[in-house]
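Heads up, the thing below is written out as structure tokens.
Read the figures in this text as sums done on the coordinates, not as results from a lab. Since the model is a prediction, treat every value here as computed from it, not as a measurement. Glycine also receives a Cβ, built like all others from the backbone with ideal geometry; neighbour counts cover every protein chain displayed.
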Amino acid sequence: MENGILQYVILNNTVYSYLLSILIVVIGFFIIKTVKYLFFERLQKRIKKISFSFGDFFYKSLNKRILPMTYFVLIFIAITRFNLIVPIERIIDIFFILLVVLYVTLLIQDIIIYTMKKYWEKKQSSQAQDTVFTVSVFIVRLVTWLIAILFILDNLNIEIRGLITGLGIGGIAIAFAAQTILADIFSYFTIFLDRPFDIGDFIIIGDYKGVVEHIGIKTTRVRSLSGEQLVFSNNDLTNSRINNYKRMKTRRINFDFGVVYDTPLEKLKKIPQIVEEIITKIEKTDFDRAHFASYGEYSLIYQVVYYVNDSDYKVYMDLQEVINLKLKERFLSEGIEFAYPTHSLHIYDKISDSQIEPIDRIRNGTKDEKDKRND
């Protein structure tokens, strides 16, 4: 009697088949729960001791992605034991493929995004960083979903070669049409990853200079010294030579001054020592050299080189002003004169006889010439 009940057929399947499938599901659920408690729970605690964030990520991925996918696989195995008509089997297969691809895609996305997030956390937070992270997440999701869709279509025996070819041709056409925009977007990622400048840096691009105010996906905005806003495409910036003065740790200063030609030789020899004494006593400066460099049109030219241990332009100008004032003060006390453009005019008050005679002859003429005029 019992065997007769177990062999009783319902919808082309015996009661025994139903009971066996249910038993497989129950035992499978029990094994999964046991493994989760005995193994994964302890593994999570150990991982948290090493890295709390990775342990939390592992626990969430296990509960949201891995375990649900495992339950669906278990149910699918139990259902496949039934004798089902072909259309229903096909529907179940499609449904199973969709679920597995869904959970695998989400798991891959979670792993990639978690890795990217940990990478960006090591960098200093900024608006540009948040923008790049958002765009990167979008690209990751877009690419993974496209791959997942193509995988599903291929498993459904749908011809995808023509679709891929069409997408390739269409992608090339779009790329040609939007190559400038795409170049700017790729340049934005180059700027973000390479970091040639940051917001707040003072930069010079060709004949333009200013402070970086905004780094966008397509353009970068710079506030010039005169107040107007300069807008550069990112592609132009990556293809240009950029001077970033904010990154400058020390500033090399080279300046000249001249003294008059009448300065005595002893004082000329003393001038480099005077300059060195002045600069070495000023903070944030490192003296390099001072030399009598050349003879100018109206002065004896000295060349001075020193370093300012600060990148701020105002600090440099303040120090240069101090040096100029101290040089003026010291030169006054030493009796040394700075040169300025002068012209000397030499006037001769004695004229030689050879110069006078022709003049008298021209004025008075000879005796014969006078007699002729009188006649």
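How high is the relative contact order of region 182-247, given as a whole-number percent (alpha carbon pairs under 8 Å, six or more residues apart)?
Details: 116 pairs, mean separation 23.2, N = 66.
Rounded, it is 35 percent for region 182-247.
How large is the translational diffusion coefficient of region 214-281 in µm² per second when you combine the Kirkwood radius over alpha carbon pairs with Stokes-Einstein at 20 °C and 1.002 mPa s? Don't skip to the end; give the middle numbers.
Numbers: Rh = 17.0 Å.
In µm²/s, the coefficient rounds to 126.
Looking at region 270-311, which trypsin sites (Lys or Arg not before Pro) are DSSP coil and have at most 13 other C-beta atoms within 10 Å of their C-beta? Intermediate values should be presented prior to the final figure.
Values: sites: Lys270, Lys281, Lys284, Arg289; in loops: Lys281, Lys284.
In loop regions of region 270-311 (DSSP not H, G, I, E or B), the sparsely surrounded trypsin sites (Lys or Arg not before Pro) are Lys281.
Per 10 Å bin, what percent of the C-alpha pairs of region 207-345 does each bin hold, from zero upward?
10, 31, 23, 18, 13, 5, 0
Would you please calculate the Kirkwood hydrodynamic radius of region 20-72 over all C-alpha pairs and express it in Å, rounded to one decimal?
Mean inverse Cα-Cα distance, inverted, gives 11.9 Å.
So, with +1 on the Cβ of K and R and -1 on the Cβ of D and E, and no other charges, what is the size of the charge dipole of region 177-297 about its Cα centre, to the nearest 20 debye? Spell out each step's value before the answer.
Values: 17 positive and 17 negative charges, 60 e Å.
Charge dipole of region 177-297: 300 debye, to the nearest 20.
How much of the calculated P(r) for region 68-111 lies past 15 Å, in percent of all Cα pairs?
Details: 446 of 946 pairs.
So the pairs more than 15 Å apart make up 47 percent of the total in region 68-111.
For region 182-247, just the Cα set please: Rg and Dmax, both in angstrom.
Every Cα atom of region 182-247 included, Rg and Dmax give 10.7, 32 Å.
Which of the peptides 329-336, 188-195 is most tightly packed, and how do the rest follow, judged by the mean count of other Cβ atoms within 10 Å per residue?
Numbers: 329-336: 13.0, 188-195: 15.5.
Result, highest mean Cβ count within 10 Å first: 188-195, 329-336.
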